[in-house]
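The values are calculated or read from the model by the stated rules, or taken from the named source; none is laboratory data. Keep in mind that this is a model prediction, so the values were computed, not measured. Because the Cβ atoms are built from the backbone with ideal geometry, glycine has one as well, and the counts that use them run over all protein chains shown.
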Amino acid sequence: MTFVIKDTDIARVALLGSIRDVAAQGAGLLELWPLQTALSLENDAKYTEDLQVRITREVARVLTGEDVTIADAEFVYEGATSIPGRPQSIVDATLAANEAYERMSEYSSTADTQLVMASAGELGVEWSQDEIRKVAEAIEVIGAYLTPDGNALDAVASVEAVSQRLASSLVAFSAMVQLLDISDERQCTKVLPCVLFLNELDERLGLPQIFLSGEQLHEFLDVLGNSKQKAVDAAQYLAPLIAGEWERHRDKVLWDPDQAKKDAKAEDERKNREALAAKFAHVKDDEGKESVEL
């Protein structure tokens, strides 16, 4: 059976209200580029590093079924190969997640199918020969069908462009996942290379990257497995998650430490005023007392 990306599915997904909403948010984020200040460039670099830590943590959690912490993922990201007091299985899984992440990161610029297979190998994902063949074919079709023209970032200039490209990537992703035999929860590790691939596909299309937790991945697979309109229902589930991540990205890029201090001070003063007012709320005004103008 030949892998096909259906134009009708992309059209239906692109017109969904939830996708249009997140596309508007994405367009607003992309309007910040090219970043103009050293602070925004530094903030974006920190966001990118933080995203890798968060994603590799979730990948390790799915691989091990154990409570991998952000601290674990940060230590490994910084180069640790063992962590005192922590199971080596967690460290090894997080190391594998980072290797797979780094290997996949070249796809956005090369569209090399072998990078997906190599990432699956780094994760120890066990695809059958039939699944390997189907996924390889799918990646070739996706790479040919969704190759951007010119500079992908410059080409994304409107809500329509973002919604169309986002719909394309989500339809491709959900169709790719359906090629895998996931008959029980233990087999959801098979999907992890596809999740890493989705982010690189979005990058290739000039879209911001996204984030899925292990729990959200399980929920997504449940939605897909129980759906009669798989492309539409998958997109409906993912849309608010993407919106949340893109909002996070924008906030991180625009973060200003000086303004943050001012906002924090103003918030503390507001809380203090409210607490003081609540403390003396029971005290009634003395009607006979002369008012004093301050």
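A few remarks follow.
- Top-ranked residue of region 170-226 - restricted to ones that are among the small types (G, A, S) and in contact (Cβ under 8 Å) with a residue 12 or more places away in the chain, ranked as surrounded by the most Cβ atoms within 10 Å (Cβ to Cβ): A172
- Any pair with Cβ under 6 angstrom, 6 or more apart, that starts in region 13-24 at a residue that is within 18 Å of P208 (Cβ to Cβ) and touching a residue at least 60 places away in the same chain (Cβ under 8 Å) and ends at one that is among the hydroxyl-bearing types (S, T, Y) and surrounded by 15 or more Cβ atoms within 10 Å (Cβ to Cβ): A14/S163; I19/S163; R20/S163; A23/S163
- Residue in region 139-156 that is buried (at least 20 other Cβ atoms within 10 Å of the Cβ) and either over 23 Å from L32 (Cβ atoms) or among the aromatic types (F, W, Y) (or both) present: yes
- Number of residues in region 55-76 that are buried (at least 19 other Cβ atoms within 10 Å of the Cβ) and either over 20 Å from L217 (Cα atoms) or at pLDDT below 95 (or both): the value is 3.
- Condition met for V91 (modelled with pLDDT of 95 or more, more than 21 Å from the chain's Cα centre (by Cα) and surrounded by 17 or more Cβ atoms within 10 Å (Cβ to Cβ)): yes
Conditions (1) more than 15 Å from W246 (Cα to Cα); (2) of a type in the set (D, E, K, R), marked per residue:
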{"position": "A23", "(1), (2)": "no, no"}
{"position": "G26", "(1), (2)": "no, no"}
{"position": "P34", "(1), (2)": "yes, no"}
{"position": "D44", "(1), (2)": "no, yes"}
{"position": "E49", "(1), (2)": "yes, yes"}
{"position": "R54", "(1), (2)": "no, yes"}
{"position": "E66", "(1), (2)": "yes, yes"}
{"position": "T69", "(1), (2)": "yes, no"}
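- Positions within region 30-70 being under 18 Å from P193 (Cβ atoms) and touching a residue at least 60 places away in the same chain (Cβ under 8 Å), in sequence order: L51, R54, I55, E58, V59, R61, V62, L63
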